[in-house]
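S.K.: Have a look at this one before I ask anything.
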Amino acid sequence: HGYSQATLSSYLDTLEASARELNSSAEETPKDLFNFDHNFLSTMPELRHHFSTPALFHPWGGDAHGSSHILSLGASRSGLPFHVHGETWLAVLFGSKRWFLFAPGDDVPVSLAPHPLASSWDWFRQVLPKVPPETPLLQCVQRPGEVLYLPAGWKHLTLNIGEVIGVGGQAPYSTQARLRDALVGLRKNPDDLLSLKGAGLAKAQMAMERGGDPADLQEGLDFLLRAAALSPRHVEISILAAELLSSAGRSQEALELVQTCLRAYQQAQDEDLPRRKRASVFVSLGRGFMAINQPRFALDAFDKSMAIDDSIAAAFHARGHACQALGQLEEAMASFNSAVRLDPLNEDLRRDREQLAQRLGKQRPGPRVWSE
């Protein structure tokens, strides 16, 4: 939610500035500058003749198989927190990348579960030193010229050592495979958060594929609601469950679930988290309210985000959509204008603003120019 579009040159300039800041103070918390692009060969086709998939991965490594080509580019100490996906290969071209891996169902003790918003660097500093030696955590450092293969369904966290450039491929993760891997994890640990999330997503997808099968939908909800109860501040899980509740006609339960997550953050003392990250939580919650057709609550959440940090283009963009849903078109235009000023290269922003300008132009006589 702090994401924005930028040219490669400006992104590299930002990486260079971040490196200078880190070099000046070893204790400084880094900016989490990380780019993970699944479509870089589509957006930059001139790179195709520089990219080849290792023969070992040809069976699932080409466009015809629905797989993704990966470009990973990030600052020192940046990375992705624990997550799961389909089988993947990644080659490091520059810099070094540290990996932390768990087999399905394995994790740190519940007492050491990190904050849902913790970055890879946060986890490395605050959680890893406390992990008991018997924990089945796998680690390795990947250096330039080395290729790492990651099986599907393995949760993993990455942390860059210095600036890192990597390329690779990721196989599609079918609904059936996601459910299978999640159930393997849940048999080992019924409270494994990512396995509960994976099983819930898979069952929800199956329900949609089968025309809204109520049994699959309820099973998916059961998994996600259990995950939300275990981690009330996990915004993504709460919103996914709320969307399923809303699609099942249980609108009040959906609203209460997102409000519970909102209250958890309003009551929490998260002053040690970066301001931008705290603000992004309320952007996510606002989007959750929008997803269950509650624009008034969404607007309040977006305003809360901007009270914490008024430099996030995504907050103004989303606020504009909430204002539109409430019929506040002039206010929506003001929000879109603010978003464009903060993220001038974002084509989606400009398109939404232009569409609203056309809508407003039809409602009043005479020309009108919307300034930035």
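S.K.: When segment 317-326 is examined, which residues are found to be crowded, with 18+ Cβ neighbours inside 10 Å and either outside the structural domain of Pro295 (by the TED database) or over 12 Å from Phe282 (Cα atoms) (or both)?
M.R.: The answer is His317, Gly320, His321, Ala322, Cys323, Gln324.
Here is a yes/no grid of residues against (1) more than 21 Å from the chain's Cα centre (by Cα); (2) within 24 Å of Pro232 (Cα to Cα); (3) in the same structural domain as Leu159 (by the TED database):
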position	(1), (2), (3)
Pro45	yes, no, yes
Ser52	yes, no, yes
Ser68	no, no, yes
Ser78	no, no, yes
Phe124	no, yes, no
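S.K.: Out of the residues in segment 71-119 that are open to solvent by less than 10 Å² (accessible area, probe 1.4 Å) and without any contact (Cβ under 8 Å) to a residue 60 or more places away in the chain, which is farthest from Arg276 (Cα to Cα)?
M.R.: Out of the qualifying residues, it is Phe102.
S.K.: Has segment 190-197 got any residue that is open to solvent by 50 Å² or more (accessible area, probe 1.4 Å) and within 23 Å of the chain's Cα centre (by Cα)?
M.R.: Within segment 190-197, one or more residues are open to solvent by 50 Å² or more (accessible area, probe 1.4 Å) and within 23 Å of the chain's Cα centre (by Cα).
S.K.: Any residue in segment 146-156 that is touching a residue at least 24 places away in the same chain (Cβ under 8 Å), open to solvent by 70 Å² or more (accessible area, probe 1.4 Å), of a type in the set (D, E, K, R) and in a loop (DSSP other than H, G, I, E, B)?
M.R.: yes
S.K.: Residue by residue through segment 285-313, note down the ones that are in contact (Cβ under 8 Å) with a residue 40 or more places away in the chain and open to solvent by less than 20 Å² (accessible area, probe 1.4 Å).
M.R.: Hits for segment 285-313 are Leu285, Gly288, Ile292, Ile312, Ala313.
S.K.: Restricting attention to segment 337-353, and to residues there that are more than 12 Å from Ile312 (Cα to Cα) and in a helix (DSSP H, G or I), which single residue is most open to solvent (accessible area, probe 1.4 Å)?
M.R.: This residue is Glu347.
S.K.: With Ala227, Ala204, Ala171, Ala182 as the choices, which residue is without any contact (Cβ under 8 Å) to a residue 60 or more places away in the chain, buried (at least 16 other Cβ atoms within 10 Å of the Cβ) and under 30 Å from Asp122 (Cα atoms)?
M.R.: It is Ala227.
S.K.: Go through segment 236-261 and count every residue that is in contact with a Ser or Thr (Cβ under 9 Å, 6 or more places away or on another chain) and touching a residue at least 12 places away in the same chain (Cβ under 8 Å).
M.R.: The qualifying residues number 11.
S.K.: Then there's this: Out of all the residues in segment 9-28, is one or more part of a loop (DSSP other than H, G, I, E, B), of a type in the set (Asp, Glu) and at pLDDT 85 or above?
M.R.: Among the residues of segment 9-28, not one is part of a loop (DSSP other than H, G, I, E, B), of a type in the set (Asp, Glu) and at pLDDT 85 or above, which makes the answer no.
S.K.: Examine segment 263-271 for a residue that is modelled with pLDDT of 90 or more and open to solvent by 20 Å² or more (accessible area, probe 1.4 Å), and state whether such a residue exists.
M.R.: yes
S.K.: Here's a follow-up. Does segment 123-137 contain at least one residue that is under 21 Å from Lys277 (Cβ atoms), open to solvent by less than 50 Å² (accessible area, probe 1.4 Å) and in contact (Cβ under 8 Å) with a residue 40 or more places away in the chain?
M.R.: yes
S.K.: Let me ask something additional. Select from segment 119-137 the residues that are polar (S, T, N, Q) and assigned to a loop (DSSP other than H, G, I, E, B) and write down the one among them that is nearest to Arg77 (Cα to Cα).
M.R.: Checking each candidate, the answer is Ser119.
The values are calculated or read from the model by the stated rules, or taken from the named source; none is laboratory data. In this text, all values refer to a predicted model and were calculated from it rather than measured experimentally. Note that each Cβ is placed from the backbone with ideal geometry, even for glycine, and that neighbours are counted across all protein chains shown. All accessible areas refer to the heavy atoms of the entire protein, side chains included, with ligands and DNA or RNA removed. Shrake-Rupley method; radii C 1.70, N 1.55, O 1.52, S 1.80 Å.
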